[in-house]
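Participant: Once you've had a glance at the structure underneath, I'll fire off some questions.
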Amino acid sequence: MNIFLMSSRTLSIETVSCPSCGAPTDFNPEDVLVTCNFCGTTFTRGSQEISDHKFIVPKHSLAEAEKKIHDWIRKKTRFRGVKSVTLVKAEKLLIPYWVMHSRAISKYRGYRRETYTESKTVGSGKNKRTVTKTVTVFVPVNETIDEERYDPLICRMGAILFGYEEINDRVKELVMKQSFEDFSIEALKDAPEKVKFLNGEIKQSEAKELIETLIQDEHRNRARADTTELFDCRTRIELNGMLFLHFPIVYAEYQYGKETYRVVVDGNSGKILLAELPITTRFRIMAELVTFATIFLIWGAALFFIPDSPNEFSVSVLAFLVVAVILFLGGLKTNSVAWATESRVREK
Ligand SMILES: [Zn+2]
């Protein structure tokens, strides 16, 4: 059974010569766009070159990124009681995106309920007082959103990349600022064999439709937020162009004990976008001690402010112990992975 599956899969890989340099390039069944590893030309199955090819410039070589990952992981995990980690994998990946450059105009109508308070002084002398009342008004809304946009859409169907959301947010931020340049294979800072292009799985026409829907939804949501009731919202999108863009990341794996942990680095800024960190027993116990100390302090403060009879005192001691035991047992059952970015660590 497995052999049949494997053979059918192997058969459907198609090798196409790069229209620019002639190097053989593989198309997997789901690929609609591939990038030649030698010259960086991106082309369709029909050997049509993508002319508007941009990239976000990688600022570090793979070797530099590896060093950065290693040092960062060592620093972060030492605090967690980890003595040594081994980097078992590091690769520079170029993630494909379609970017739609457009002008999007939405006209919307509705009404907005606004309330304000009115106060006035009534009476005189001893009877003088201020009366306030709430006034509600219905204001008709007739507004237009008109903006130039750059909207990126990852060019992959099912494949979920580690750190996908963080990568996407970063690409959005950079693309919005137009921080991209014309693609150049020399500017990748590494030999072609050290760089891996992920193939594109979404056609330009499909990407255009998906992005248009996203813009319409976003505008409608903004119109909704601006009105109490929205009557209608019409969006017109003028296409200025579709760009194909590569975003560089370094994906790495390191080993601690028997487990493997993943790290993804922004190839442009060199920042860790997302990393998994081991939660060691020592770290868990430390975290629990901090929790207990906090509860103890709150409980102490509560006792201080609320005078207790001896009977109530023993009840609160018991309650405290029960809570402590539950928390301790719960803490021991947590997963062995925490997620971290360069600025924050999130325990699962
Ligand atoms: Zn080529």
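Participant: With the structure loaded, tell me whether residue 231 is over 23 Å from the mean Cα position of the chain (by Cα) and either farther than 29 Å from residue 113 by Cβ or outside any helix (DSSP H, G or I) (or both) or whether it fails that test.
Facilitator: Answer is yes for this residue.
Participant: Then there is this: If a residue must be assigned to a loop (DSSP other than H, G, I, E, B), touching a residue at least 24 places away in the same chain (Cβ under 8 Å) and within 14 Å of the ligand (Cβ to nearest atom), how many such residues does the stretch 37-47 contain?
Facilitator: Adding up the residues that qualify gives 5.
Participant: Suppose the filter is among the hydrophobic types (A, V, I, L, M, F, W, C), touching a strand residue (DSSP E or B) at 6+ places or on another chain (Cβ under 6 Å) and away from the ligand (no atom under 16 Å from the Cβ); does residue 94 pass it?
Facilitator: On the way: among the hydrophobic types (A, V, I, L, M, F, W, C): yes; touching a strand residue (DSSP E or B) at 6+ places or on another chain (Cβ under 6 Å): yes; away from the ligand (no atom under 16 Å from the Cβ): no.
Here the answer is no, as residue 94 does not meet what is asked.
Participant: Take the residues of the stretch 190-220 that are assigned to a loop (DSSP other than H, G, I, E, B) and touching a helix residue (DSSP H, G or I) at 6+ places or on another chain (Cβ under 8 Å): which is modelled with the highest pLDDT?
Facilitator: First, the residues of the stretch 190-220 that are assigned to a loop (DSSP other than H, G, I, E, B): 190-191, 198-199, 201-203.
This time we only want the ones that are touching a helix residue (DSSP H, G or I) at 6+ places or on another chain (Cβ under 8 Å), so: 190, 202.
Values: 190: 86, 202: 95.
The residue in question is 202.
Participant: Name the pairs: first residue in the stretch 16-33 and more than 15 Å from residue 157 (Cβ to Cβ), second residue outside any strand (DSSP E or B) and more than 9 Å from the ligand (Cβ to nearest atom), Cβ to Cβ under 6 Å, at least 6 apart or on different chains?
Facilitator: Close Cβ pairs (under 6 Å, with a partner that is outside any strand (DSSP E or B) and more than 9 Å from the ligand (Cβ to nearest atom)) amount to 19/47; 26/13.
One line per residue, one yes/no per condition, for (1) surrounded by 17 or more Cβ atoms within 10 Å (Cβ to Cβ); (2) farther than 30 Å from residue 274 by Cα:
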position: 112; (1), (2): no, yes
position: 123; (1), (2): no, yes
position: 183; (1), (2): yes, no
position: 186; (1), (2): no, no
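Participant: Report whether or not residue 89 is in contact with a strand residue (DSSP E or B) (Cβ under 8 Å, 6 or more places away or on another chain), loosely packed, with under 15 Cβ neighbours inside 10 Å and part of a strand (DSSP E or B).
Facilitator: Working: in contact with a strand residue (DSSP E or B) (Cβ under 8 Å, 6 or more places away or on another chain): yes; loosely packed, with under 15 Cβ neighbours inside 10 Å: yes; part of a strand (DSSP E or B): yes.
Taking the combined requirement at face value, the residue satisfies it.
Participant: Right, next: Of 110, 125, which residue is over 24 Å from the mean Cα position of the chain (by Cα) and without any contact (Cβ under 8 Å) to a residue 12 or more places away in the chain?
Facilitator: Within the list 110, 125, the selection yields 125.
Participant: While we're here: For the stretch 20-36, give me each residue that is near the ligand (Cβ under 8 Å from one of its atoms) and either touching a helix residue (DSSP H, G or I) at 6+ places or on another chain (Cβ under 9 Å) or part of a loop (DSSP other than H, G, I, E, B) (or both).
Facilitator: Passing the criteria: 20, 21, 22, 23, 36.
Participant: State all residues of the stretch 32-75 that are touching a Gly at 6+ places or on another chain (Cβ under 7 Å) and surrounded by fewer than 19 Cβ atoms within 10 Å (Cβ to Cβ); if no residue qualifies, say none.
Facilitator: 32, 52, 59, 68
For (1) assigned to a strand (DSSP E or B); (2) at pLDDT 95 or above; (3) more than 30 Å from residue 194 (Cβ to Cβ), each residue gets a yes or a no:
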site: 63; (1), (2), (3): no, no, no
site: 73; (1), (2), (3): no, no, no
site: 77; (1), (2), (3): no, no, no
site: 82; (1), (2), (3): no, no, no
site: 105; (1), (2), (3): yes, yes, yes
site: 108; (1), (2), (3): yes, yes, yes
site: 119; (1), (2), (3): yes, no, yes
site: 130; (1), (2), (3): yes, no, yes
site: 160; (1), (2), (3): no, no, no
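Participant: Please indicate, with yes or no, whether at least one residue in the stretch 205-227 is among the hydroxyl-bearing types (Ser, Thr, Tyr), crowded, with 19+ Cβ neighbours inside 10 Å, within 29 Å of residue 144 (Cα to Cα) and touching a residue at least 60 places away in the same chain (Cβ under 8 Å).
Facilitator: Scanning the stretch 205-227 turns up at least one residue that is among the hydroxyl-bearing types (Ser, Thr, Tyr), crowded, with 19+ Cβ neighbours inside 10 Å, within 29 Å of residue 144 (Cα to Cα) and touching a residue at least 60 places away in the same chain (Cβ under 8 Å).
The values are calculated or read from the model by the stated rules, or taken from the named source; none is laboratory data. Nothing here was measured: the structure is a model prediction, and the numbers come from that model. Positions of Cβ are backbone-derived with ideal geometry, glycine not excepted, and every protein chain shown enters the neighbour counts.
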